[in-house]
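Participant: The structure follows.
Only the coordinates and a few stated rules stand behind these numbers; no lab work does. No experiment lies behind these values; they were computed from the predicted model shown. Reconstructed Cβ throughout: ideal geometry from the backbone, glycine too, with neighbour counts over all protein chains shown.
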Amino acid sequence: MGKNTEFILRQKIEDLIIYAIPALEYIPKTRRVLLERIELNLYEMLEIAIELEKKYYKKTSVRDLDIKKENVQKLIAIAANPKINLNKAPCLPFKKYQHMSERLTEIGKIIGGYQKSVVQ
């Protein structure tokens, strides 16, 4: 994959972070660990995307990025589950979850294409 794809991937992750950070403010302080884990994984995704732009050997970084993306997907699904915040609204409103999930799916498709090109 060329530099353009790497830039697109990094930009998509940056856009996700810019959307997600304010959306995550819905998570109550009682679920601070969940909030911190989501944010940490998002920032680590960005760091790995930046590494991909700079590295020659990318196979491990692409796999690491895919794992971080999966972590974020699972964590936001947990945050959007009404059972985690009993007798209250979900920690993450469904529309926010849905939008973040769609963005992660798009990022996942780019990562998948990247994985195919790195393996060959």
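Participant: Loop only per DSSP, at most 15 neighbouring Cβ atoms within 10 Å: give me the chymotrypsin sites (Phe, Trp or Tyr not before Pro) in segment 54-95, ordered by residue number. Before the final figure, lay out each step's value.
Facilitator: Numbers: sites: 56, 57, 94; in loops: 56, 57.
Here the sparse-neighbourhood loop sites are 56, 57.
Participant: Within segment 44-110, report the trypsin sites (Lys or Arg not before Pro) that DSSP leaves as loop and that have at most 11 other Cβ atoms within 10 Å. Walk me through the numbers before you get to the answer.
Facilitator: Details: sites: 54, 55, 58, 59, 63, 68, 69, 74, 83, 88, 95, 96, 103, 109; in loops: 55, 58, 88.
Answer by residue number: 88.
Participant: Something else: In a shell of Cβ-Cβ distance under 12 Å around residue 22, excluding residue 22 itself, what net charge do Lys and Arg (+1) and Asp and Glu (-1) give?
Facilitator: Details: positive: 96; negative: 25, 39.
For residues surrounding residue 22, the net value is -1.
Participant: Two decimals is fine: what's Rg over Rh for the chain, C-alpha atoms, Kirkwood radius as Rh?
Facilitator: Numbers: Rg = 15.0 Å, Rh = 14.7 Å.
A ratio of 1.02.
Participant: What number comes out for the charge environment of residue 67, summing +1 per Lys or Arg and -1 per Asp or Glu over other residues with Cβ under 12 Å away? Write out the running numbers ahead of the final one.
Facilitator: Working: positive: 63, 68, 69, 74; negative: 44, 64, 66, 70.
Local charge sum for residue 67: 0.
Participant: Based on Cβ point charges of +1 for Lys and Arg and -1 for Asp and Glu, what charge dipole magnitude is obtained for segment 3-119 about its Cα centre, in debye rounded to the nearest 20?
Facilitator: Details: 22 positive and 15 negative charges, 61 e Å.
The calculation lands at about 300 debye.
Participant: Give me a comma-separated list of calculated 3J(HN,Hα) values for segment 11-22, in order, Karplus coefficients 6.51, -1.76, 1.60 applied at θ = phi - 60°, integers in Hz, x for any Gly or Pro.
Facilitator: Working through the residues one at a time gives 5, 5, 5, 4, 4, 4, 4, 4, 6, 6, 4, x Hz.
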